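Some notes on the structure that comes next.
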Amino acid sequence: MASLYASRFASPRLGRRLFFGAPLALATASACAQDSDVKYEHSSLVIVTAARPIKFDVEMAVTEAQREHGLMFRKQLGAYEGMLFDFFREAPVTFWMKNTLIPLDMVFIGGDGTIRHIHANAEPLSTATIPSEAPVRAVLEINGGSARLLGIKDGDKVKHPIFGNA
């Protein structure tokens, strides 16, 4: 994301892409201390799969600071918990996992709530880029492997107020 402070930040822009990644020069202890400074509102969303609807409790990453920090330095995430990154408009986005300690599934969601791409089991602490592969409005991060275990697939619908369908 766009500053030198967070694990998922909105800049620098790569063409029209937003780049989300970890700081290059921020010490772990310092970032952990900053964790308490980043607060998130909580919300619920439902993913409608072929088998059943699945409810998740999510933290909303809607400000630049929240998106920059994301799930950095978290040691665990509940089975039906996640973080929803809202970009307020559709655009290609790219993430990385620097300073992220747990594997994550990244669910890339279009403006109408349709899942466009799922990147499964993103490798913790990796600086490899993970592209959305299509313009998206939001990204849901959940525990690595959860999408497969729960039967979440491309084309499923995410119901949440940001998509106007909840």
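The values are calculated or read from the model by the stated rules, or taken from the named source; none is laboratory data. All of these numbers come straight from a predicted model, not from anything done at the bench. Cβ coordinates were reconstructed from backbone atoms using ideal geometry, including for glycine residues, and neighbour counts include every protein chain displayed.
Look at region 31-60: where a residue is part of a strand (DSSP E or B) and a partner is surrounded by fewer than 16 Cβ atoms within 10 Å (Cβ to Cβ) and at pLDDT below 95, sitting 6+ places away or on another chain with Cβ atoms under 8 Å, you get LEU45/ALA166; VAL46/ALA166.
Taking the criterion of being surrounded by fewer than 21 Cβ atoms within 10 Å (Cβ to Cβ) and polar (S, T, N, Q), the only residue of region 140-157 that qualifies is ASN143.
Considering PHE85, PHE73, the condition of being within 17 Å of VAL38 (Cβ to Cβ), in contact with a Cys (Cβ under 7 Å, 6 or more places away or on another chain) and not acidic (Asp, Glu) is satisfied by PHE73 alone.
In region 100-122, which residues are of a type outside the set (S, T, N, Q), assigned to a strand (DSSP E or B) and within 19 Å of SER44 (Cα to Cα)? Hits for region 100-122 are LEU104, ASP105, MET106, VAL107, PHE108, ILE109, ILE115.
Pick out the one residue from LEU104, LEU84, LEU77 that is aliphatic (A, V, I, L, M), within 23 Å of ASP156 (Cα to Cα), crowded, with 16+ Cβ neighbours inside 10 Å and without any contact (Cβ under 8 Å) to a residue 60 or more places away in the chain. Being aliphatic (A, V, I, L, M), within 23 Å of ASP156 (Cα to Cα), crowded, with 16+ Cβ neighbours inside 10 Å and without any contact (Cβ under 8 Å) to a residue 60 or more places away in the chain holds for just one of LEU104, LEU84, LEU77, which is LEU104. When region 44-74 is filtered for residues that are surrounded by fewer than 16 Cβ atoms within 10 Å (Cβ to Cβ) and of a type in the set (S, T, N, Q), the ones remaining, listed by number, are SER44, THR63.
Could you tell me whether MET97 is part of a loop (DSSP other than H, G, I, E, B) and either surrounded by 21 or more Cβ atoms within 10 Å (Cβ to Cβ) or of a type in the set (Asp, Glu) (or both)? Yes.
Of the conditions (1) touching a strand residue (DSSP E or B) at 6+ places or on another chain (Cβ under 8 Å); (2) at pLDDT below 95; (3) closer than 18 Å to HIS42 by Cα, GLU68 satisfies every one except a single condition; which number is it? With respect to (1) touching a strand residue (DSSP E or B) at 6+ places or on another chain (Cβ under 8 Å); (2) at pLDDT below 95; (3) closer than 18 Å to HIS42 by Cα, GLU68 is out only on (1).
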